[in-house]
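The values are calculated or read from the model by the stated rules, or taken from the named source; none is laboratory data. Please read all numbers here as calculations on a predicted model, not as lab measurements. Please note: Cβ atoms are built from the backbone with ideal geometry, for glycine as well, and neighbour counts cover all protein chains shown. Note: accessible area is taken over every heavy atom of the protein model, side chains too, but ligands, DNA and RNA are not part of it. Shrake-Rupley method; radii C 1.70, N 1.55, O 1.52, S 1.80 Å.
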Amino acid sequence: MSIQRRTRDQIAARVARDIPEGAYVNLGIGLPTLVANHLPRDREIFLHSENGILGMGPAPAKGEEDWDLINAGKQPVTLLPGGAFFHHADSFAMMRGGHLDICVLGAFQVAVNGDLANWHTGAPDAIPAVGGAMDLAVGAKRTFVMMEHLTKSGESKLVERCTYPLTGVGCVKMVYTDLATIEVTPQGLVALDWADGLDFDELVRLSGVPLRRA
Amino acid sequence: MINKIAASAAAALAGVRDGATVLLGGFGGAGMPDELIDALIEHGARDLVIVSNNAGNGETGIAALLKAGRVRKIVCSFPRQADSHHFDSLYRAGKLELELVPQGNLAERVRAAGAGVGAFYTPTGYGTDLAKGKEVREIGGRMYVLEYPIHGDLALVKAERGDRWGNLTYRKAARNFGPIMASAARCTVAQVYETVELGGLDPEIIVTPGIFVTHVVPVPRSGAREAA
């Protein structure tokens, strides 16, 4: 059986499974925004948006967009009943003050010690942009990463040490990829589950870093 | 009688000098004081230092200010956007200085300026390139970076309603940086869609009290704004 890589939606659904009732959650721009579509309907989960929203709801119907009500990716969203608006210093106090339970971020690389690189490739012609990533990475109680396991050229994004500029030091707790779900523990990386058709030894080989089974 | 409602945006901005540090509210297009930025371009001040979350997109707001060649330096968290072409080309040509600041540090540095805080230690950015050369300290077993306030000569913010004492309310997520930037500049100009009589704003919901506001500029509500 060939490897059944998880689709982006399947990764998002796997992340959503680990978000409990009552959690305050920030979903980073890009891939992590997909998680919102997979949150179990029987759980009440509070979505935070860095630009001053708690209780963020799904995208509005076409024609109902309100450009004063956008998410961190500047796309129109809605507010759930019970939602609230606040200014930027309060919004980042929620992160830095440790009030958010979970943030989900994309990544270029995650190191075995939980170091995260996701804001800059360091390429000389690249325009750097950091946004709220550094605040989220160190502020949320638990930082989840959602990413492709391998780069386009087949290199593992799980690394001994990040070669891209760091976003945060030792901050990542969980990594969700198209190949596996991996927990970052003080004793190293632990694979919790992996894609159908992929055997554990192959996962270790592709990852290029030490991995243990749960 | 105190009346902070200005005759025009031009009148409110008459005192702006070349080289001024200008705090601009807004996150993407939401809360961006486009009409006041147009008036700033019209005013002609140059060598400006712009402090805002983004570095402009499309042809309006900060992008228009950049295109007009009025900006020496921009302090922001997220300059790169799909249509930030004016920023991109000036930056790549070496004609624009960029100070990249993590968004929460940007907000807190502005808040600190408004609150009279001399500096603060933040965990954000510790161990990264954006904290290089900055003083660090271990507090309670955690590492922190020392960050300094960002004071503005001028703040331009977009609010929803205002009164002649300068009290302001905002609309939805267009609030974003407005309230903290209003507090952090020597002169704060707020554009509003509606002015009301004193007492017309419920004191329980005033977000920016008038003490932080120098001038209020009424602007007409334009049609539905296009996507940022």
Where both partners of a DSSP beta bridge lie in the stretch A:8-213, what percent of those bridges are antiparallel, to the nearest 5?
50 percent
Heavy-atom accessible area of chain A with neighbours in place, 1.4 angstrom probe: carbon+sulfur share in percent works out to 51 percent
Calculated [θ] (222 nm, deg cm²/dmol) that DSSP helices of n ≥ 4 give over chain A, each run adding -39,500 (n - 2.57)
-4500 deg cm²/dmol
Ignoring ligands, DNA and RNA, what accessible area per residue does chain B give at 1.4 Å, in Å²?
42 Å²
For chain B the mean separation of alpha carbon contacts under 8 Å (6+ apart) over residue count, i.e. relative contact order in percent, is 23 percent
Got a sec to turn the phi values of the stretch B:175-184 into Karplus ³J(HN,Hα) couplings, 6.51 cos²θ - 1.76 cosθ + 1.60 with θ = phi - 60°, whole Hz, x for Gly and Pro?
5, 4, 7, x, x, 6, 5, 4, 7, 10
In this structure, among A:Lys74/B:Lys158; B:Lys4/B:Lys158; B:Lys4/B:Lys172; B:Lys4/B:Lys67, pairs with alpha-carbon gaps over 21 Å are B:Lys4/B:Lys172; B:Lys4/B:Lys67
Sum of side-chain charges, A:Ala23 neighbourhood, beta-carbon under 11 Å (Lys, Arg +1; Asp, Glu -1):
-1
Estimated translational D of the protein assembly as shown in µm²/s (Stokes, Kirkwood radius over Cα pairs; 37 °C; 0.692 mPa s):
145 µm²/s
What area, in nm² and to one decimal, does the C-alpha convex hull of the stretch B:1-96 cast on average over all directions?
6.3 nm²
Would you mind telling me the share, in percent, of accessible area of chain B contributed by carbon and sulfur at probe 1.4 angstrom?
49 percent
Kirkwood Rh in Å, taken over the stretch A:8-213 so that all alpha-carbon pairs contribute
17.6 Å
Can you give the net charge of the other residues whose Cβ lies under 11 Å from the Cβ of A:Trp119, counting K and R as +1 and D and E as -1?
0
For chain B, the longest site-free run once GluC sites (Glu not before Pro) in DSSP loop states with at most 14 other Cβ atoms within 10 Å are removed:
B:60-134
Would you pull out the residues with amide H under 5 Å of A:Gly170's amide H, same chain only if 5 or more places away, H placed 1.01 Å from N?
A:Asp115, A:Leu116
Please compute the contact order of chain A in relative form: average sequence separation of alpha-carbon pairs under 8 Å and at least six residues apart, divided by the residue count, as a percent.
20 percent
Using protein chains only (no ligands, no nucleic acids) and a 1.4 Å probe, work out which residues of the stretch A:52-78 have their accessible area cut by at least 20 Å² relative to the chain alone.
A:Asp66, A:Trp67, A:Asp68, A:Ile70, A:Lys74
Using alpha carbon centers only, the stretch B:88-139 is separated from the stretch A:188-214 by a whole-angstrom value of 38 Å
If you take the Cα atoms of the stretch B:104-170, find Rg, then find the Kirkwood Rh from the mean of 1/r over all pairs, what is Rg/Rh?
1.14
Solvent-accessible area lost in complex, 40 Å² minimum, residues of the stretch B:162-189 relative to chain alone, 1.4 Å:
B:Arg171, B:Lys172, B:Ala173, B:Arg175, B:Asn176
Computed ³J(HN,Hα) along the stretch B:197-211: with the Karplus parameters 6.51/-1.76/1.60, θ = phi - 60°, integer Hz and x for glycine or proline, the list is 5, 4, x, x, 9, 4, x, 6, 10, 5, 8, 10, x, x, 4
Could you work out the equivalent-ellipsoid semi-axes for chain B, taking the square root of 5 times each eigenvalue of the Cα gyration tensor, largest first, in whole Å?
29, 22, 15
Kindly provide the helix-only [θ] at 222 nm of chain B, computed as the sum of -39,500 (n - 2.57) over DSSP H runs of four or more divided by all residues, to the nearest 500 deg cm²/dmol?
-5500 deg cm²/dmol
Buried accessible area between B and A, both sides, 1.4 Å probe, in Å² rounded to 100, is 3500 Å²
At 1.4 Å probe radius, can you tell me the per residue accessible area of the stretch A:8-213 in Å²?
42 Å²
